[in-house]
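Remarks on the structure that follows.
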Amino acid sequence: MTVRSAERNTQPAASNSRAHPSDTVIEQSDATATLLAAVGVAEARHAAVMESALDCIVTIDHEGVVLDFNPAAVRTFGYTKEEAIGAPMVEMIVPPELREAHRKGMARYLATGEGQVLGNRIEMSAMRRDQTIFPVELAITRVVVPGPPVFTANLRDISDRRNAAKRLMSAEERYRTLVEQLPAVVYVAGFGENAQWQYVSPQIETLLGFTPEEWLADPGLWARQVHPADLGPALTAEGSIQRHGSERSQVAEYRMLTREGRELWVRDEAVVIEADGDGPQLMRGVIVDITERRRIEERLSHQAFYDTLTGLP
């Protein structure tokens with residue numbers, strides 16, 4: 001075989017090893033299709049999150065123009081998505097008295113990269129389409145995209161939470177007013193000789209001569225003011241309260257000493273209350289001065305067993 005013929009024999013193999021241009025085009029088309037499919041999935045996920053979110057999600061550009069306005073924002077603020085997109089957010093949902101501060105904050109961030117609100121969760125006022133002002137919880141984050149910055153604001157209407165807090169405060173105030181008008185000492189305390197008292201009504205000063213502040217600051221004050229002969233039975237009654245829990249209250253009658261050392265009788269009725277989390281077990285009780293009742297009972301008992309004229313049994 002000649003050299004020329006050998007070269008002819010090897011040429012087909014060499015030509016087969018080269019990729020045909022059409023194969024490269026097909027591979028590039030497949031990669032592009034895969035990339036587009038991935039982008040489509042990401043966009044679909046983003047749209048699903050925006051559509052299903054319970055919180056308002058408003059996306060704006062660096063000039064404050066609305067780029068996206070999810071259904072929750074539509075329901076909360078009263079603008080359609082078409083009305084919102086392209087409009088300045090500050091004119092739509094920020095109350096007039098807060099708009100200048102918003103503009104200055106945006107300008108400061110664009111100039112320095114620093115902002116007081118960005119990345120923090122705050123409470124502020126917002127405005128609906130009908131000019132109604134209501135409280136919201138707001139968190140603004142920057143979206144990392146090429147070009148000028150884009151921001152997303154997550155807003156949650158907290159009107160119900162604020163109203164519930166106001167109702168609770170009002171109820172607590174009414175309860176405190178009622179308690180402080182009762183002719184009795186109302187308290188919340190732990191168990192034992194040196195237990196911390198959580199609350200005691202102002203009547204403690206009328207009864208024993210100590211201010212509520214003094215009483216709460218000294219965990220051992222109750223035990224020291226109980227008559228020494230009655231401290232044991234009083235602590236036994238506390239143990240009974242703990243055993244019965246919140247099922248029923250426990251009543252104890254014992255003597256206490258005022259700041260001046262005067263002795264008086266009290267009726268102490270208490271019940272266990274549920275502790276918050278891992279906090280200590282507490283009891284809520286009412287202490288009433290029964291000194292006069294005790295004196296009457298002792299006098300009647302004496303009259304029943306002793307002669308009123310001679311004083312003899």
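The values are calculated or read from the model by the stated rules, or taken from the named source; none is laboratory data. Bear in mind that the values here come from a model prediction, so they are computed numbers and not experimental data. No Cβ is skipped: glycine too gets one built from the backbone with ideal geometry, and neighbour counts run over all protein chains shown.
Quick notes on this structure:
- Taking segment 240-283 as the range and being within 20 Å of Q196 (Cα to Cα), without any contact (Cβ under 8 Å) to a residue 24 or more places away in the chain and either assigned to a helix (DSSP H, G or I) or not small (G, A, S) (or both) as the test, the residues that pass are S240, R243, Q250, E269, D276, D278.
- A111 of a type in the set (A, V, I, L, M), surrounded by fewer than 16 Cβ atoms within 10 Å (Cβ to Cβ) and either without any contact (Cβ under 8 Å) to a residue 24 or more places away in the chain or within 13 Å of G64 (Cβ to Cβ) (or both): yes
- Residue match in segment 75-83 (condition: touching a residue at least 24 places away in the same chain (Cβ under 8 Å) and out of contact with any Lys or Arg (no Cβ under 8 Å at 6 or more places or on another chain)): no
- Selected residue (criterion: modelled with the lowest pLDDT) from residues of segment 73-120 that are within 24 Å of D130 (Cβ to Cβ), among the aliphatic types (A, V, I, L, M) and out of contact with any helix residue (DSSP H, G or I) (no Cβ under 9 Å at 6 or more places or on another chain): A101
- Near pairs, Cβ below 8 angstrom, 6+ apart or cross-chain, from segment 179-191 (in contact (Cβ under 8 Å) with a residue 12 or more places away in the chain and over 20 Å from G279 (Cβ atoms)) to any residue that is of a type outside the set (S, T, N, Q) and in a loop (DSSP other than H, G, I, E, B): E180/P202
- Among the residues making up segment 115-160, those that are part of a loop (DSSP other than H, G, I, E, B), surrounded by fewer than 12 Cβ atoms within 10 Å (Cβ to Cβ) and of a type in the set (A, V, I, L, M) are V144, V145.
- Residues that are modelled with pLDDT under 95, under 26 Å from the mean Cα position of the chain (by Cα) and part of a loop (DSSP other than H, G, I, E, B) occur in segment 186-196; there is at least one.
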